Structure formats: structure tokens, C-alpha cells
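Nothing in this text is a laboratory measurement; each read-out follows from the coordinates by a stated rule. The shown structure was predicted, so the numbers you read here are calculated from the model rather than taken from an experiment. Every residue, glycine as well, gets a Cβ built from its backbone with ideal geometry; the counts of neighbours run over all protein chains shown.
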Amino acid sequence: MTMVSLTTLFFSSHVLLLLITQSLAQPDLAGHFCFNGKGNYTTNSTYQTNLDTLLSSLVSTNGNGYGFYNSSYAENSTNQVYATGLCRGDVVADTCRSCLKNSSLELRKLCPNQKEALGFYDTCMLRYSNRSLYGLMEDYPPFTFVSTRNLSSSEVEKFFEDLGNLFRRLSSEAAAGGSLRKFAANNTTSGFKTIYALAQCTPDLSEELCTDCLAGAYGDIPTNSYGKDGARIVKPSCNIRYEISPFYDLENVAPLPSSPPISAPSPSTNTTNSEGTKSNKSRTIILVVVAVTVSLVLIVCICIYLRVRKTKKNLDQNKLPGAEDADEIRSAESLQFDFGTIRVATDDFSEANKLGQGGFGSVYRGKLSDGEEIAVKRLSMDSGQGDSEFKNEVLLVARLQHRNLVRLLGFCLQGNERLLVYEFVPNSSLDHIIFDPIKRAQLDWDKRYKIIEGIARGLLYLHEDSRLRIIHRDLKASNILIDAELNSKISDFGMARLFVLDETQGNTSRIVGTYGYMAPEYAMHGHFSVKSDVYSFGVLILEIISGQKNSCFRQGENMEDLPSYAWKSWREGTTSNLIDPTLTNGSRTEIMRCIHIGLLCVQENIADRPTMTSVILMLNSHSLSLPVPSEPAFFMHSSVGSDLSLGWESSSGVTASKSNFVSVKVPENEAALISEVYPR
């Protein structure tokens, strides 16, 4: 009897121990990424010791009190380690710390011996690296989760219109959140549904960088989530999420501290020497009034000086950049490359690494010491116009971040050398693919549709979703780069113009761009607006579908511009004649719809052309009826296709990064919402 009891006790204890062990096991991360190209460390090395030390102390000593943790270990050492942790804004402190501890344990298991890694749960994210992460806006890699539930066709358009308005408010609120927390969550009613959403950035970002990161995340919501009732986009520097049921608790959001009120002095109870006290008070009041008056005058003078200086700078915007421009660019230290580094990466700008030549100068392929491939635009020594484009592109593109825009990695200024360093795009530019009979045959309809949609999303970001409003002015096939995953990336911003957000159109006496892609109002009168880019986009759609250049489109014995022929064919019911003969698969209905959208974009009347917001809606909603296109503008002269750009032309297939698939796992408590994972 005793023997049985001991055996039973031993077995029960063993089962209990097993259950306890299993309960203490860490849950799987919702997503993680190991940066294989950033270097490895050896087991039991100094780097591993420093990493273990940093992660074990991160949440206990380095928080800002509002869910953000940032620290480093082994300062000024080759084995220095950096780490940041971010918890969702509505998560209480204990849950936050527990989440980050679990992340540190799981991430080191999933990315063994990797110097840089990223992992996240539903409520927190952890990053560590051998480089400083603080203050950098990084949107790679993005993680995308999409709901499996569909909205009804009648509510889709209203749902996403209301969602877009909600995210704009949340983005603005989160970006303005200050240096302690950049988090906003709220809901809105759409029909019979309530949409719950949040937007969050790491608080080390500036307001501008946070706005750009969130706009890019919203632009990354995949096409196939249109019509779904929920999605989540997670990036290293920001994240967004929306659902039709509550998933956050705003009651847990701790209020941010405010400046303490200035207390009034207590009245004195001492009645002695009252006259002297009054005299002292009078002198004090006089001194304060004088000091305040002088300060106000000084502030007004400074404001006037700055306004005059800004006005003068705006008037001189076409002037070649001088010392002030160089100082402005040099202030962005994180983007500046050493000339020697670029020289080594390009093998001293060897002919073997030369990708192309344009008015700007030459473009070279290179590889940095960490293995990252780059494309380098080298300004010609005698190109004064190119110098102006250099200033424009650095100051503009460095502030734009979107997966459908080519990414500026940095620049170099040394003596007469002016270099732009971009991500390398392996598939060259669109014109090298779509106008090549062999390569074009490999592009089925799904691939062409993906390219069209990518260009549209990039333009939408430039026109509406970016903190800036950008008119590209030189959108054409040679300025669309194609990466390894056939994602399209808009490039070459040397001719772009920056608008303030409430500005809608501009005029110029200097026409730049390429005839055939130019809107008629711009080519003839110098008037340009977002609708000028829409016109160029319409021409691109027709070129992608037909596989023919607008500049040399031939119909029988006659030369004709592509929009004119497309509109004539559409009117006569022979639109199928426009479709590339090598395009043997794909939905004919969808192809015809895209031709219809292209014709709407190239209408001569500016007001009739759709905005890029409407274009995205038309591309994604097949139930949406399209208006009848009017006659397009006609360019029936020999100069069609001639290039007016005085700056460089990106005809060489400059730039884009390697595409990696993201390993993503979905926590069980999110399985109902998120079960389709789309790596980018």
C-alpha cells in the first residue's frame, strides 16, 4: 500500500512539474526578423556577454515611464550593443516589462548569433543591434496581417473612406505626442459598424519622421485586404492596426506630464518697513516690464529677419547651391557617406560597375563592406544644372519613405564631388522590361497589374499621404524601377516640385520632362498640378498593357500617339487591339477596366481626370462604375518622345534592395482576426 502511494506521488509530482515547465515556456513571437547581413557574433564572445547584460537590465533601469526603453552597453567599444523596446500605449507597466522580457528570450533563440534582430508580440516590440537605433526612422522589414472576414460590397467604399479619415487624425495626434509617447487610438462609426484603430511610433522620432512612417504603413496595407474588416502593419519604427471590435483599453493610458503651474507669491504678513517693501516691489515691476518689453522687441526682430531670409531663399530657389546649401545638407550627418567608402564600393568608379549615363552624370553599382548593394549617382563636374537637381533630390527624397519610392540611403559631399547613394534595384527600369520583346513576354497580367498598382500607390503617397505634397513632373517608364519581387519604385526626383499642403497648382517658365508623358496644360502653358502626374500615369498604364512606347506607336503605316489610338479603339469597340499579343492570360475584364482607367487619366480637361485616391479606389473596387472618358490630348508631331530633361535621366535601372521574406507567426488570440500573412 505504501509502495503504491509513493509511486502515485512520484508520478503526480512528475506530471505537475511537466505542467509547470510548459506553463513557464515563452509564447511564440507574433513576428520576428533576423538581419543576416548585419553580422554574426560567436558563442560566449564578448558581444554575447554584452548583449545578455543589456537585455537583462533593459526593462529594469532604462524606461521613460511610458512604455519606451532605450539603452546601450559597453560604450565606445567594438562590441557595443544597442537595444530599444516599445510597448503599446495602452499596456500597463507590468505587462509591458513581462512582454519585453519574453521577447528578449525568444528572439535570441530564433536569431542565434545574429548581431541585429527584431521581434514583437501583440503588445510590445524589441530590437537590438551593434549600431545605434535611436532617432532613426526605419520601415524595413514591414509585417502585414490581414483579417479573414469580408465586408459586404455595399459598405466597402464607405468603410475605407471613413478608415482613411480616422487614420489621418490618429497619425497627426500620434506624431505630435512629444518625446515620451507617440500613440493615438480612437474609433469612428461607418454605417452599422464601429472601426477601432491605433497608430504608434517610437517616441525618439521627430514629428515629421513619425508622420512619414505612419503614412508609409497605411500605404502598405495590401490590395487584397481591401474589403476585409481588419489589418495590422508593423514596422521597426511605427505600427498601425484597425478592427471592428475593441482591442485596446484607453483607460490604461497614463496622462503625459504637463508643465507645473507658476504659483503666485504668498502675500507678506510682515507689516514693518511697508514703504520700503512697496518701493522694492515697484522697482521689481519696472525691471520686469522693461525686460519683457526688450525680449518682445528682440523676438519680433528675429521673426522679421527669419521671414525676410526665408523669402529671399524662396526667390533664389533656382540659384545653384552654395555654402549655405552645403551646410544644410551636411547637417544630416546620419545620411552622409565618406567619399573613400564610395570609391571602394564602386571599385574606384570602374567601367565594369557603370550602369548608365545621363545629363546628371554617371550611375554606378557598388557594394558596401557589410555586403549591401548600392547604386551611386555621380554628378558631372561640368553640370551646373545637375548641381541644382542634386540639392533638390537630397533635401526632398531624404524626407520621403514609401515602399513604392526608390530609397535614398545617403549622399557624399567632398570638394567638387557630389554623390547620391540609393538602394540597388536589380531588375533595372520598367522601359528595359516592358519594351523588350523577350522580357515583356515574361510579364503576365498579374505582374503587370502589380506594377501599375505600385506606381499608383507611390503617386498617392507623394500627392496626399506624405507630410509634403510632391509633384514629380517627370513620370515615365525609365523612371520606374522594378525590384526583385516586381515591386515598382518611382525614382528621379530632380525635377520634382514641393507644394504646401493647401496649394493645388503652380506655373513655370522652364518646362522639364518628356513629351508624350506631359500633360497638355504643362507642355503648352507651364501649368502643373497633381493632375499633371495623373496624366503621365495614364500614359504609363497604356504602355504597360500594350507593350508599346507612346513615342513611337505605329498602327499600320501611320504613326499615332498611344492615348489617341486607345481612345479611338475604345470608342469603336475594338479596345482588344490595344492589348499586347504576348499577354495571353489574365482577366480580360480587368485589363479592359485598366485601359478605361488609363483613358480617364489622359483626358484633356484637367477637372475630368481623377485624383490618385480615386484611381486606387477604381483599381481595387471592380463593382464601382467608371465614368465615360472624353477625348484625350493629341500630340501628332515629330517631337513626341523627345526628352526635355536638362538633368540626368534614370534610364539605367538604378537601385533597390534585396527582398527578404519575413517569418511571421500569429498568436492564438489573434487567429480570428489575422490568419493571412503577407511578407514584404
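At a Förster radius of 45 Å, what calculated FRET efficiency corresponds to the Cβ-Cβ distance of Asn76 and Thr293, to the nearest 0.05?
0.40
How much net charge surrounds Phe349 when only the other residues with a Cβ under 14 Å from the Cβ of Phe349 are counted, with Lys and Arg +1 and Asp and Glu -1? Could the numbers behind the result be given before it?
Numbers: positive: Arg343, Lys354, Arg365, Lys367, Lys377, Arg378, Arg418; negative: Asp347, Asp348, Glu351, Glu417.
The answer is +3.
Taking amide H positions as placed in the peptide plane 1.01 Å from N, state which residues far from Asn113 in sequence (5 or more) or on other chains have amide H under 5 Å from it.
none
What are the residues whose amide H is under 5 Å from the amide H of Gly230, where those residues sit 5 or more places off or on another chain and H is modelled from the backbone?
Residues meeting the amide H criterion: Ser147.
Could you give each residue of the stretch 77-94 its phi-based ³J(HN,Hα) in whole Hz, using Karplus coefficients 6.51, -1.76, 1.60 with θ = phi - 60°, and x for Gly or Pro?
Calculated HN-Hα couplings, in order: 10, 5, 9, 5, 10, 10, 8, 9, x, 9, 9, 4, x, 9, 8, 6, 4, 5 Hz.
Under the Kirkwood approximation applied to all pairs of distinct alpha-carbon atoms, what is the hydrodynamic radius of the stretch 27-129 in Å? Walk me through the intermediate numbers first.
On the way: mean 1/r = 0.0737 Å⁻¹.
Mean inverse Cα-Cα distance, inverted, gives 13.6 Å.
Would you please put 400-409, 295-304, 142-151, 429-438 in order of how densely packed they are, using the mean number of other Cβ atoms within 10 angstrom per residue and starting with the highest? Intermediate values should be presented prior to the final figure.
Working: 400-409: 22.7, 295-304: 10.0, 142-151: 19.4, 429-438: 17.9.
Put in order of decreasing packing, that is 400-409, 142-151, 429-438, 295-304.
Would you kindly work out the equivalent ellipsoid of the stretch 119-247 from its C-alpha gyration tensor and give its semi-axes, the square roots of five times the eigenvalues, largest first in whole Å? Kindly include the intermediate steps, with their values, before the conclusion.
Details: eigenvalues 142, 47, 27 Å².
So the equivalent ellipsoid measures 27, 15, 12 Å along its semi-axes.
Where does each of 200-206, 348-354, 622-628 land if you order them by average Cβ count within 10 Å, highest first?
200-206, 348-354, 622-628
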